[in-house]
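Trainee: Just passing along the structure, written as structure tokens.
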Amino acid sequence: QVPLVESGGGLVQAGGSLRLSCVASGTFFSIGPMDWYRQAPGKQRELVASIATGGRTNYADSVKGRFTISRDNANHTMSLQMNSLKPEDTAVYYCHALRMGVDYWGKGTLVTVSS
């Protein structure tokens with residue numbers, strides 16, 4: 001039983017768009033920051049975007065202006081709208097939350113951007 005479940009990944013051409021979603025199994029994750037990470041083959045996992053409970057956001061420089069993170073606290077969901085995708089965006093994308101000193105991760109969803 002995984003508390004965070006990502007969806008929306010797939011294969012897309014460069015310049016295209018995808019929307020990722022993360023759904024929590026309960027309402028716990030509606031309180032506190034939530035994050036999107038990604039890990040490309042042979043590379044370390046990196047933080048892509050974060051969103052606080054009240055909606056304040058932070059983005060990696062590489063995705064600023066192209067990606068938008070959002071959340072729906074009432075429905076305990078989080079999304080990542082990805083536009084103008086580049087081949088270097090290819091990675092497994094993970095939903096993450098740190099709660100009471102514990103890291104919670106989804107299993108990830110694969111995004112492949114072809115050139």
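Trainee: Just the ratio, please: alpha-carbon radius of gyration of region 10-55 over 2.2 N^0.38 Å, N its number of residues.
Mentor: Dividing the Cα radius of gyration by 2.2 N^0.38 Å gives 1.44.
Trainee: For the ranges 71-83, 42-54, what's the packing order if you count other beta-carbon atoms within 10 Å of each residue, average per peptide, and put the highest first?
Mentor: Those peptides, ordered most packed to least, come out 71-83, 42-54.
Trainee: Something else about it: Sticking with the crude label model, points 7 Å out along Cα→Cβ, report the distance from GLU46 to ILE31 in nm, one decimal please.
Mentor: 3.4 nm
Trainee: Using mean Cβ contacts within 10 Å as the protection proxy, how do 55-62, 6-13 order, highest first?
Mentor: 6-13, 55-62
Trainee: Which of the three applies to region 61-115, rounded, prolate or oblate, going by the alpha-carbon gyration tensor with a ≥ b ≥ c and a/c under 1.5 meaning rounded?
Mentor: In terms of gyration-tensor shape, prolate.
Trainee: From the phi of every residue in region 51-67, what ³J(HN,Hα) in whole Hz does the Karplus formula 6.51 cos²θ - 1.76 cosθ + 1.60 yield, where θ is phi - 60° and glycine or proline is x?
Mentor: 9, 7, 3, x, x, 5, 10, 9, 10, 5, 4, 5, 10, 4, x, 10, 10
Trainee: Quick one: putting +1 on the C-beta of Lys and Arg, -1 on the C-beta of Asp and Glu, what dipole do you get for the chain around its Cα centre, in Debye to the nearest 20?
Mentor: 60 debye
Trainee: Moving on to the next point. Over region 64-115, what relative contact order in percent results from Cα pairs under 8 Å that are six or more residues apart?
Mentor: 30 percent
Trainee: Additional query: Rounded to the nearest whole Å², what accessible area per residue is found for region 56-110 with the 1.4 Å probe?
Mentor: Value returned for region 56-110: 53 Å² of accessible area per residue.
The values are calculated or read from the model by the stated rules, or taken from the named source; none is laboratory data. Please read these numbers as outputs of a predicted model, since none were measured by experiment. Heads up, the Cβs are rebuilt from the backbone with ideal geometry, glycines too, and the neighbour counts pull from every protein chain shown. Side chains are part of the model used for accessible areas, which takes the heavy atoms of the whole protein and leaves out ligands, DNA and RNA. Shrake-Rupley method; radii C 1.70, N 1.55, O 1.52, S 1.80 Å.
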